[in-house]
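Where a number appears in this text, it was derived from the coordinates with a stated rule and is not lab data. All values derive from a computational prediction rather than experimental measurement. Ideal geometry is used to build each Cβ from the backbone, glycine not excepted, and the neighbour counts take in all protein chains shown.
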Amino acid sequence: MRLILLGPPGAGKGTQAKFICEHFHVPQISTGDMLRCAVKAGTQLGHQAKSIMDKGGLVSDDLIVGLVKERIASPDCQNGFLFDGFPRTIPQAEAIQSAGINIDAIVEISVSESIIINRITGRRIHMASGRTYHVECNPPKIPNQDDITGDPLIQREDDHEETVIRRLDEYRRLTAVLSDFYRQAANGPLFLRVDGNRSISDVTRDIMVGLSRLPTANDGH
Ligand code: AP5
Ligand code: MG
């Protein structure tokens with residue numbers, strides 16, 4: 001089961017990724033989470049990525065493709081994976097194709113831009129796991145603490161309104177075109193477009209119903 005989650009910043013990719021990965025027993029590969037870990041660890045990649053991420057730009061295709069290829073070579077990816085936030089440009093999508101990595105389904109979560117700012121500015125995350133909360137729509141059981149570990153939650157450094165506006169520009173400029181790229185592909189993957197303007201559970205239900213059409217959907221049980 002190899003899946004891609006597409007959608008603008010704040011669409012709910014990370015939120016839905018947790019449910020999909022749990023259901024299909026595949027790892028979540030979030031390039032954003034991987035880059036944030038590299039920044040926190042102070043690695044060379046982290047240094048290269050930090051200023052770009054803080055400005056709301058996209059990290060270079062070469063760095064990202066290298067990172068993803070290394071990640072999917074791990075044994076836990078043998079039975080599949082879920083890409084969250086990758087690919088983000090046509091060259092990244094082409095790099096997957098030319099590496100012979102076949103994708104079973106694309107799930108695109110569409111959300112109107114008017115609600116994105118509220119979602120992102122209210123977001124709080126658990127850094128180590130990538131678990132995501134929202135102060136109003138999806139609050140933790142105890143304010144500002146992760147439900148599982150009790151660790152303090154943080155706000156992402158790129159979750160300020162000006163940066164979100166730049167991230168949305170980059171999405172429109174470089175990423176939105178990927179829907180057509182996959183929809184028009186001959187013998188391409190199943191393409192699901194889900195209305196992400198509704199509650200988290202409604203969106204999850206639509207995704208699960210859509211993915212149950214895949215022939216491989218029952219393999220994980
Ligand atoms: P990344 O971490 O991927 O950020 P993003 O794409 O901007 O998306 P987000 O993580 O902000 O949103 P999401 O869709 O995951 O929403 P979430 O579920 O958290 O990338 C960060 C940066 O890294 C990029 O800007 C770039 O610099 C770099 N980067 C990463 N990948 C790259 C790549 N491939 N190439 C180049 N550069 C790359 O939800 C948001 C909030 O809303 C949460 O608070 C959540 O609780 C809430 N929420 C979710 N769903 C709902 C709902 N249905 N109703 C109400 N609230 C909801
Ligand atoms: Mg995310």
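Divide the volume of the convex hull of the Cα atoms of segment 94-191 by its number of residues and quote the answer in cubic angstrom per residue.
146 Å³
Would you calculate the separation in nanometres between label points at residue 209 and residue 166, each defined as 7 Å from the Cα along the Cα-to-beta-carbon direction?
Inter-label distance under the simple model: 4.0 nm.
Cα atoms only, segment 108-149: Rg and Dmax in Å?
So, for segment 108-149, Rg and Dmax equal 11.5, 33 Å respectively.
Per residue, how big is the convex hull around the C-alpha atoms of segment 134-221? Give it to me in cubic angstrom, could you?
158 Å³
Starting from the Cα gyration tensor of the chain, multiply each eigenvalue by 5, take the square root, and state the resulting semi-axes largest first in whole Å.
So the three semi-axes of the chain are 25, 21, 18 Å.
So how do 54, 146 line up by other beta-carbon neighbours within 10 Å, fewest first?
Final ranking by Cβ density, sparse to dense: 54, 146.
Would you please name the GluC sites (Glu not before Pro) within segment 121-165 that are DSSP coil residues with at most 15 other C-beta atoms within 10 Å of their C-beta?
Here the GluC sites (Glu not before Pro) that fit, given the DSSP loop and packing criteria, are 136, 157.
Suppose every K and R has +1 on its Cβ and every D and E has -1 on its Cβ; what is the size of the dipole of the chain about the Cα centre, in Debye to the nearest 20?
The calculation lands at about 40 debye.
Check which residues have an amide H placed less than 5 Å from residue 191's amide H, if you skip close sequence neighbours.
106
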